[in-house]
1. Per DSSP H run of n ≥ 4, the term is -39500 (n - 2.57); total these for chain B, divide by its residue number, and report the mean residue ellipticity at 222 nm rounded to 500 deg cm²/dmol.
2. Just want the ordering: B:152, C:19, A:88, A:120, from fewest to most Cβ atoms lying within 10 Å of their own Cβ.
3. If you average 1/r over all unlike Cα pairs in chain A and invert the result, what Kirkwood radius do you get in angstrom?
4. P(r) for segment C:44-354: what percent of alpha-carbon pairs falls in each 20 Å bin, starting at zero?
5. What is the average number of partner chain Cβ atoms found within 10 Å of a Cβ in C:45-52?
6. Within 10 Å of each Cβ of C:311-322, how many other protein chain Cβ atoms are there on average?
7. Ratio of segment A:155-282's C-alpha Rg to 2.2 N^0.38 Å, to two decimals?
8. For segment C:50-107 and segment C:274-299, compute the distance between their C-alpha centroids and round to whole Å.
């Protein structure tokens, strides 16, 4: 830690440091871009994990969380500007690819414009939206933003703020698509966008020239809602973002609060949490298998995936009382003890799932059409995967070993034996195989734990009213689709000052354009399904 | 008289009085035997051939997929021909939250459906905005923009609940009147009378 | 084998005896038309039910169960509904072509349908170029699909139609070549002639390997010709929502839907006529008793049974394989199926000349 402090001080003498959950560096806006470049190239912080737009009332700004993929050290960089009328920060989208969308999100929520950003459009909200909702002085008057039933106009218009050598900033208006582009619109209502994603695609015959991702068709303003709720209440939303990683997401949010409060979670609760996480992962990968096969036209395989998924849901239902929105984790542990049949059911499920996995491989993996459709389609290099912070099975298919369970072990994962599945080609086939193999690894974890659930408390003693001390915390878990992060900034109140969810799917859509270019329309569907993003997780 | 459907007993439904009152209202002026029987036949066809539009925004869509999958199998009722093009679908099941940006698209989808068309608000979010009711950009219920036929509460509703809701829709269809009621031609005329600009374009 | 020709000739004679010849022909025409339309719709409905049940079975489901016993009248409900569903008139479309397209598709399939011999003597007209006529008539369908895609003024529909055009034109070749292989063997273009040539043994057995290769090529190409999975790219539900019929509603869509299923019957019917002996019973040389028993089964049952069996194969393929991509589909045809088919044709010609076949 001290070592890094010294190095950063050498690069940027005016930086100030703050110890906390993660080392936080505060830099002036002017020095940020140069420092960012140095952080990436010289100090090895090659992954931009999260960009959290902040409104500190007296100033606006952003907290950048950087990760070094060699050491898995994390660093927070705080950049603030005091101008509330026209706040501007230099973009880092030229350094980390993922910053492109992340900064658009910050612009959308807080109105901070990014200098040199190639495409300053709103990301989640309509382009005729008035105001910036995450600002503390946002006027939520429904008169200002009534329900508009007309389509947005000027969807093609965008601009960027370009800075010349002398530091003069000029606004350059641009168009997303040229006049010659034949633009086909996929979504928001389309069977294969897995929800209400909208992909505007310029095609040349069947070949895709460019994909423009338009999101926000299910942006529900969760982060703003969280600011008005107490900590236990905010947990409610985690299950509804990536509903296929409900347990993991909620686990993450709970851990973040527990970390801030210094609560020790009982061993029994930890084991239960991990088992539930892995069951959730299996159910998610089964759904993903089903959707991928269905999108490629093999409807029958979909039914096979869902058949086994129902068994997992049965296990959930007995213990949690619900099939999908489970609300099982609470701060300090879990809400209810396991159902008496739990161990029996899990033990019965493991061999059944193994058998089913073989069947899946037989049904689909070896199919010549399926192989031709997936091998070599949508390739993503390792460098791109890191630059775009693509994690989860999709990132690992590109050779990027990024399993948070291995590299940043939380809960009891460091005691468990399982393999991190990494493949090298980065195409759809590898992503597909990774998912099936990860089911096997999850089964291994379940096998290790199912007979070793210790007796004891299921929930630690937690104060009735949870108030976090002032400070900021960031916690990550490996959700079904990648690394899920929760950022909490507290001012000492019982409600969070700012809560940010860093969803893995948000980064996954960022590579759609990279992956799809030069492929065909049919590949767009395959790539989307193989990346396996969940739209409500992107939009939050 | 009860409105019977094959899949569930009359007594097992919760809102029989409401359907009864609808039947009474329709029967008040009496019907011709021929027309009445034809109506019954048409309603039978419509009620038993409900083709959904694939439209899901969030969690409810996954439960809808489970509804179509092997364990629940909505194909048993003839609901399985899910159409992706709204022109060919019979009802739109709004599965999930509708936000401001989505609202025009949902309305447009509804307008693209061919008559007769029905709307089901599926899940807490579509019924009332659900947990996101207080958000700055969420519609407090899809009934703000669409005429909803059946509300299915739940977050998300279980597949069984979805079946119950679909059966309610079937019963509602069975008390419709095709002949003598408002028909399409008339509606078009009324529409153009109130929208002179559109009439010019046609 | 009972010859249905006796019945039809008797009806013809009866009509001619009570009315002048031209009127008799007219009445016969009307009768045939009514019978055809009835058969067409009944078969289409049967096929929809057949496929839904089969796909349910393949997917560990039950399929339609609630409407009627075992869901038998499910399809009737669908038909009632679709008949009175609204036909949406679209702005900025070519209204005439838009309305014409579904009729073209259904006319094409009906023309071919009318040409199939259902049993011994149960055929409307026996052309001497029947096979040629069938292939020619079936390609009218692609015009309908292209028109549908073009006149809808919808990008999905247009892409679907263009794909369909490329696909149909390509696979027509393979169908033609594989059928030609059989024509070569029997030496006639008349459908009845080909069936009658199989009295001693079905062509697929008599023709050695070339006939089996031709049958497989035919099955693949027929799947593509009917736009069914794994070649359902013109519709490609998950890419183009509904492809060329995206904008069609009500009975216009119903026509496309019916034609799709009827085409399935037609290609299976042609397969059974060309390769599996049509309405000819299964005869094994030497087994006199067996052959006599087989002869008692009516020819219509033989024909339908074989057609349903081939349809079963096609449905099985459809629900098993994922969809191919457009470039892979074209590569499959032009790089593999067509050259193989041509070589196969040459081998068959050699076989016929040298008298190698049975």
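All of the numbers you see were taken from the coordinates with simple rules; none came from a lab. Remember, predicted model here, so these are calculated numbers, not experimental data. Cβ placement follows ideal geometry from the backbone for every residue including glycine, while neighbour counts extend to all protein chains displayed.
1. Values: 8 runs with 86 residues, N = 202.
When only DSSP H runs of four or more count, the value is -13000 deg cm²/dmol.
2. Working: B:152 26, C:19 13, A:88 16, A:120 20.
By the 10 Å Cβ count, ascending: C:19, A:88, A:120, B:152.
3. 24.0 Å
4. Reading the bins upward from 0: 31, 57, 11, 0.
5. 1
6. Working: counts 0, 0, 0, 0, 0, 0, 0, 4, 5, 8, 9, 20.
Mean inter-chain Cβ contacts per residue within 10 Å come to 4.
7. Numbers: Rg = 22.0 Å, N = 128, 2.2 N^0.38 = 13.9 Å.
That works out to 1.59 for segment A:155-282.
8. Going from one Cα centre to the other spans 37 Å.
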